[in-house]
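See structure below.
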Amino acid sequence: MELISYSSFAVRLVNSEEPERGSDSLTSVDAVRELFGESAKAARRATEADIARLRGVRTRLRAVFTAAGEGDERRAVDLLNALLLEYPASPQISGHDFLDDEGRPRWHLHLAEHSTHAAAAYAAIACMGLAVRLTDGGVDRLGVCSAPPCRNAFVDTSTNASRRYCSERCATRANVAAYRARKRRERTGAEPRPAQ
């Protein structure tokens with residue numbers, strides 16, 4: 001697995017809460033384990049204490065995405081650097097499960113799981129992945145969905161860095177709402193309100 005793909009850990013954690021809707025799916029040890037996906041070794045160590053720990057990391061990661069979405073590059077980097085100091089990652093060369101045509105391992109980097117608890121392991125993976133993504137593509141590749149009330153985080157992997165929504169569903173919903181608002185204004189003859 002490439003380190004850049006670990007940025008999905010950050011997105012999953014941030015999106016486990018929808019503050020505008022008052023929902024939070026990070027409420028149990030099973031929810032903590034689900035966040036890890038296929039990375040089951042650290043997930044097996046999850047305890048009740050990891051719920052609160054990950055909620056704290058989630059708040060701080062959301063601040064990184066928010067700062068990036070607002071164009072505050074320096075703040076986004078400073079916030080992520082603080083997390084990286086607190087949750088250091090240990091890269092490790094691995095060749096498991098991937099063999100080339102000659103039967104030799106295809107060496108690649110993974111992050112070793114030496115953390116004392118599941119939340120620290122998850123945070124190290126999420127922060128390192130986000131740092132690699134940020135340094136590879138730029139801060140403007142991190143964002144928060146523009147479709148109200150959604151505030152999901154996303155990583156923009158489009159070719160022109162123009163993504164504004166976390167999903168096609170939110171993009172469609174926002175476009176339909178804008179179309180309906182235009183039609184209402186046309187019917188009433190009202191002037192469009194300036195964007196805020």
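The values are calculated or read from the model by the stated rules, or taken from the named source; none is laboratory data. Model, not experiment: these values are computed from the prediction. Positions of Cβ are generated from backbone atoms using ideal geometry, with glycine treated the same way; all protein chains shown enter the neighbour counts. Keep in mind that these areas ignore ligands, DNA and RNA; they rest on the heavy atoms of the full protein, side chains included. Shrake-Rupley method; radii C 1.70, N 1.55, O 1.52, S 1.80 Å.
Protection proxy ranking of 67-75, 6-14, 124-132, by the mean of other Cβ atoms within 10 Å over each peptide's residues and highest first, is 124-132, 6-14, 67-75.
Report the trypsin sites (Lys or Arg not before Pro) located in the stretch 104-172 that are in a DSSP loop and have at most 13 other Cβ atoms inside 10 Å of their Cβ, or state none. Passing sites in the stretch 104-172 are ARG106. Among LEU54, LEU79, LEU99, the residue with the largest mean-square fluctuation in a Gaussian network model of the chain, with springs joining Cα atoms closer than 10 Å, is LEU99. The equivalent ellipsoid of the stretch 79-163 has semi-axes of 29, 20, 11 Å, largest first, where each one is the square root of 5 times an eigenvalue of the Cα gyration tensor. Just how far, in whole angstrom, is the stretch 87-150 from the stretch 47-85 if you go by their alpha carbon centroids? About 15 Å separates the Cα centre of the stretch 47-85 from the one of the stretch 87-150. Probing with 1.4 Å while keeping every protein chain in the model, the per residue accessible area of the chain equals 60 Å². Applying the Karplus relation 6.51 cos²θ - 1.76 cosθ + 1.60 with θ = phi - 60° to the stretch 65-77 yields 3J(HN,Hα) values of 5, 5, 4, 5, x, 8, x, 8, 4, 4, 5, 4, 5 Hz, where x marks Gly and Pro.
For ASP24, the amide hydrogen comes within under 5 Å of the amide hydrogens of GLU18, counting only partners 5 or more places away or on other chains and with H modelled in the peptide plane. The calculated 222 nm mean residue ellipticity attributable to helices in the chain amounts to -16000 deg cm²/dmol, summing -39500 (n - 2.57) over DSSP H runs of n ≥ 4 and dividing by all residues.
Only protein heavy atoms count here; on that basis, with a 1.4 Å probe, SER5 has an accessible area of about 40 Å². For LEU142, the residues 5 or more places off, or on other chains, whose built amide H falls under 5 Å of its own are ASP156. When you restrict to C-alpha pairs under 8 Å that are six or more residues apart and normalise by the size of the stretch 1-146, the relative contact order lands at 36 percent. The value of relative contact order for the stretch 62-137, using C-alpha pairs under 8 Å at least six residues apart, is 25 percent.
D for the chain, whole µm²/s, Stokes-Einstein with Kirkwood Rh over alpha-carbon pairs at 25 °C and 0.890 mPa s: what number? Translational D for this selection: 133 µm²/s.
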